[in-house]
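Trainee: Quick one: structure below, then a few questions.
The values are calculated or read from the model by the stated rules, or taken from the named source; none is laboratory data. Because the structure is a prediction, the values reported are computed rather than measured. All Cβ positions, even for glycine, are placed from backbone atoms using ideal geometry, and neighbour counts span all protein chains on display.
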């Protein structure tokens with residue numbers, strides 16, 4: 001029995017295509033399936049495996065956050081939903097071809113690129129984007145050869161969002177905390193042999209503008225065998241500002257100030273610190289000119305107030321010796337098909353409440369719609385919004401549902417003629433079982449397959465058993 | 001009819017049944033009888049209440065999607081929050097002074113008849129409806 005492949009196009013209900021199998025794609029699908037009992041939803045994902053950043057972004061020591069995989073799995077297994085992995089939209093099939101086969105197409109493909117610092121020396125060995133570093137320890141196939149050199153004492157992370165704190169925590173966490181998680185084995189071994197003892201997390205603006213949330217900061221403060229190393233000067237005037245802050249910002253700031261005051265265990269072997277009012281201007285090469293050995297930071301002062309506080313240069317510079325530099329200043333969406341409008345300045349698909357500008361029948365949800373910020377719940381609410389707008393358009397007659405659309409039947413036939421080896425959800429479940437099995441033998445939650453070819457081999461084994 | 005259902009429930013169940021009203025994002029009200037000792041997240045899941053995206057992290061204090069708004073008199077009597085709950089609640093949309101995470105609130109007999117609201121994210125033009133279910 002072939003599970004995951006639906007029957008013939010005898011149904012006359014709306015057929016919707018979703019590009020991207022991460023949280024945005026799944027939550028959009030969920031809402032559509034719930035709102036229309038006659039809707040069929042097909043999800044196309046570039047990788048052979050689903051779940052996007054839930055699998056490749058969420059830190060290994062945050063397994064609870066990954067519980068959403070259970071609800072996504074239920075959605076994928078819904079009789080009116082089908083998942084197609086290893087399909088690169090824009091390359092294997094075009095948006096126009098999808099729009100011909102479906103009543104509506106939703107772009108939920110997220111942000112697979114990263115903002116670059118735009119400074120000299122950025123391409124030197126030893127400098128990584130957080131996206132790649134996180135991809136490395138989370139088993140993203142394209143990052144498996146990253147081999148970051150962890151033999152230096154000091155690491156500097158640019159950016160102070162939750163991703164920056166995740167990276168800092170993974171760099172400094174005791175190996176015992178990581179060895180039972182789904183972190184990749186090569187990352188675990190590299191971290192076990194790591195000489196990194198000091199991590200600085202650098203931001204352009206001040207403590208009141210820090211982008212991380214309190215849970216992640218609390219985890220740094222509570223990290224075993226580490227102490228906080230902050231600069232009291234960075235916190236001048238902050239105590240006075242506390243009383244006017246809304247509760248979330250107030251608690252976050254109070255926790256930082258507590259870390260400034262208490263520091264932590266002096267006997268701790270490792271330390272971490274937040275550094276404010278500093279922007280990177282150059283990566284400095286070592287004497288041999290071959291790799292990064294330091295970073296030059298420009299000191300800023302703040303102008304403006306409230307939401308519009310901005311950093312202005314003072315002209316002062318500061319050099320920090322370090323052998324590992326991780327730029328965590330934001331992910332970035334990329335255009336995947338020339339037929340889709342794209343705003344290169346904001347790096348999003350221009351849209352009005354999820355309706356893609358000037359393109360009937362095309363919608364977007366998640367980071368590609370709003371920009372790459374927010375937690376899973378943010379994306380969930382946003383995806384529900386897009387789904388509601390799509391349903392409204394169906395009910396208002398803005399989408400012509402009287403025309404029968406072939407949906408997956410036509411697209412999978414097309415992909416087969418192009419030699420694309422799709423992975424159906426039931427085949428992902430086989431890959432999933434294999435990862436859990438390998439993990440079990442290592443005492444871990446799972447051992448992720450790192451190789452697309454290996455994933456496809458496992459999928460093939462599944463096919464040959466049943467046919 | 002509802003009083004007959006109520007007495008049937010009380011006689012036939014071993015755990016104490018508590019009446020809780022849930023009002024979802026669209027203003028739709030569901031009234032359910034729940035067992036003492038369950039969390040409000042358990043209730044939403046078990047009774048399959050129509051609240052989109054509720055309980056994404058399955059009660060592990062890793063999200064804020066089970067955010068519920070309580071009546072002040074009820075809120076004041078709830079067990080105080082641990083830091084980890086406040087941390088997550090601080091990220092919730094539409095936070096109020098009487099907000100709590102449903103996964104951290106256990107149903108007790110004194111809550112009988114209380115109403116909890118799911119924060120409204122989108123105003124529904126259709127207005128409120130009532131769906132009374134007794135279980």
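Trainee: Could you pull out the residue among A:208, A:245, A:252 that is under 27 Å from the mean Cα position of the chain (by Cα), touching a residue at least 12 places away in the same chain (Cβ under 8 Å) and within 14 Å of another protein chain (Cβ to nearest Cβ)?
Mentor: The conditions single out A:252.
Trainee: Given (1) within 19 Å of residue A:21 (Cβ to Cβ); (2) touching a helix residue (DSSP H, G or I) at 6+ places or on another chain (Cβ under 8 Å), where does residue A:114 come up short, assuming only one miss?
Mentor: For residue A:114, the exception is condition (1).
Trainee: Continuing with this model, one more query. Testing residue A:161 on (1) on the phi < 0 side of the Ramachandran plot; (2) surrounded by 23 or more Cβ atoms within 10 Å (Cβ to Cβ), one condition comes back false. Which one is that?
Mentor: (2)
Trainee: Still on this model: Can you pull out every residue in the stretch B:14-46 that is surrounded by fewer than 16 Cβ atoms within 10 Å (Cβ to Cβ) and free of Cβ contacts under 8 Å to residues at least 60 places away in the same chain?
Mentor: B:14, B:15, B:46 - these are the residues of the stretch B:14-46 that are surrounded by fewer than 16 Cβ atoms within 10 Å (Cβ to Cβ) and free of Cβ contacts under 8 Å to residues at least 60 places away in the same chain.
Trainee: So in the stretch B:79-102, with the set limited to residues that are away from chain A (no Cβ under 11 Å) and surrounded by 19 or more Cβ atoms within 10 Å (Cβ to Cβ), which one is nearest to the chain's Cα centre (by Cα)?
Mentor: Result: B:102.
Trainee: I would also like to ask the following. Restricting attention to the stretch A:351-361, and to residues there that are more than 14 Å from chain B (Cβ to nearest Cβ) and touching a helix residue (DSSP H, G or I) at 6+ places or on another chain (Cβ under 7 Å), which single residue is surrounded by the most Cβ atoms within 10 Å (Cβ to Cβ)?
Mentor: For the stretch A:351-361, the residue satisfying everything is A:351.
Trainee: Hey, can you tell me all the residues within the stretch B:60-78 that are within 14 Å of chain A (Cβ to nearest Cβ), in contact with a helix residue (DSSP H, G or I) (Cβ under 6 Å, 6 or more places away or on another chain) and crowded, with 21+ Cβ neighbours inside 10 Å? Quick ask: steps written out before the conclusion?
Mentor: Initial filter on the stretch B:60-78 (within 14 Å of chain A (Cβ to nearest Cβ)): B:60-67.
Those left that are additionally in contact with a helix residue (DSSP H, G or I) (Cβ under 6 Å, 6 or more places away or on another chain): B:60-66.
Within the stretch B:60-78, B:62, B:63, B:64, B:65, B:66 qualify.
Trainee: Return a yes/no flag: does the stretch B:51-59 have any residue that is away from chain A (no Cβ under 14 Å), in contact with a helix residue (DSSP H, G or I) (Cβ under 9 Å, 6 or more places away or on another chain) and either at pLDDT below 95 or in a strand (DSSP E or B) (or both).
Mentor: No: the stretch B:51-59 contains no residue that is away from chain A (no Cβ under 14 Å), in contact with a helix residue (DSSP H, G or I) (Cβ under 9 Å, 6 or more places away or on another chain) and either at pLDDT below 95 or in a strand (DSSP E or B) (or both).
Trainee: Is it true that residue A:397 is under 15 Å from the mean Cα position of the chain (by Cα) and assigned to a loop (DSSP other than H, G, I, E, B)?
Mentor: no
Trainee: With the structure loaded, tell me whether residue A:273 is at pLDDT below 95 and under 30 Å from residue A:178 (Cα atoms) or whether it fails that test. Step through it out loud before you land on a result.
Mentor: Values: at pLDDT below 95: no; under 30 Å from residue A:178 (Cα atoms): yes.
So residue A:273 fails the test.
Trainee: Across the stretch A:400-431, which residue is farthest from the other protein chains (Cβ to nearest Cβ) among those that are free of Cβ contacts under 8 Å to residues at least 40 places away in the same chain and not in a helix (DSSP H, G or I)?
Mentor: That would be A:419.
Trainee: Mind listing whichever residues of the stretch A:32-73 are within 14 Å of chain B (Cβ to nearest Cβ) and touching a strand residue (DSSP E or B) at 6+ places or on another chain (Cβ under 8 Å)?
Mentor: A:32, A:33
Trainee: Residue check: is residue B:74 part of a helix (DSSP H, G or I) and modelled with pLDDT of 95 or more?
Mentor: yes
Trainee: Being away from chain A (no Cβ under 12 Å), surrounded by 14 or more Cβ atoms within 10 Å (Cβ to Cβ) and outside any loop (DSSP other than H, G, I, E, B) is the filter here, so list the residues in the stretch B:103-114 that pass it.
Mentor: Hits for the stretch B:103-114 are B:104, B:106, B:111, B:114.
Trainee: Select from the stretch A:211-242 the residues that are under 16 Å from residue A:259 (Cβ atoms) and within 14 Å of chain B (Cβ to nearest Cβ) and list them in ascending order.
Mentor: Within the stretch A:211-242, A:212, A:213, A:214, A:215, A:216, A:217, A:218, A:219, A:220, A:221, A:222 qualify.
Trainee: All but one of (1) within 14 Å of chain B (Cβ to nearest Cβ); (2) in a helix (DSSP H, G or I) hold for residue A:374; state the number of the condition that does not hold.
Mentor: (2)
Trainee: Say we look at the stretch A:347-371 and pick out the residues that are in contact (Cβ under 8 Å) with a residue 24 or more places away in the chain and in a helix (DSSP H, G or I); which of these is farthest from residue A:22 (Cα to Cα)?
Mentor: Applying the first criterion (in contact (Cβ under 8 Å) with a residue 24 or more places away in the chain) to the stretch A:347-371 yields A:347, A:349, A:353-356, A:360-369, A:371.
If we keep only those that are in a helix (DSSP H, G or I) too, we end up with A:367-369.
Details: A:367: 10, A:368: 12, A:369: 14 Å.
Filtering first and then ranking leaves A:369.
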